[in-house]
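These notes concern the structure reproduced below.
Derivation of every value follows stated rules applied to the coordinates shown; laboratory data play no part. A quick note: this is a predicted structure, and the numbers were derived from the prediction, not measured. Glycine gets a Cβ as well: all are built from the backbone with ideal geometry, and neighbour counts include every protein chain shown.
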């Protein structure tokens, strides 16, 4: 059964994350890799947009962020898109590397 496509809302912190990741990849790898990240990120939005409740909620976290879910960025699986449902839309909260202290970064959101 397919779900209705929802709007994706990119939060301010997520937009900052994207800029930081793009710059990091461009400097440490190449501009082509950084561009590839942006293309993969666009693909990553499609699944939670169509099936937002298919991912498990972050139950191991504090009550403030337990309703968030995560989805990996294709070809960049160490980067995860953290999102929540808000007023029927997909609210992209953060895009973080899995090696970071995600719990602390989301707690300070």
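Give me the percent relative contact order of region 8-107, please, defined on Cα pairs under 8 angstrom at least 6 residues apart.
Details: 142 pairs, mean separation 29.4, N = 100.
Relative contact order, region 8-107: 29 percent.
Quick check on the exposure proxy: order 37, 76 from fewest to most C-beta atoms within 10 angstrom.
Result, fewest neighbours first: 76, 37.
So what does the Cα-only Debye profile of region 8-107 read at q = 0.12, 0.21 Å⁻¹, as log10 I(q)/I(0), no solvent term?
These q points yield log10 I(q)/I(0) values of -0.36, -1.09.
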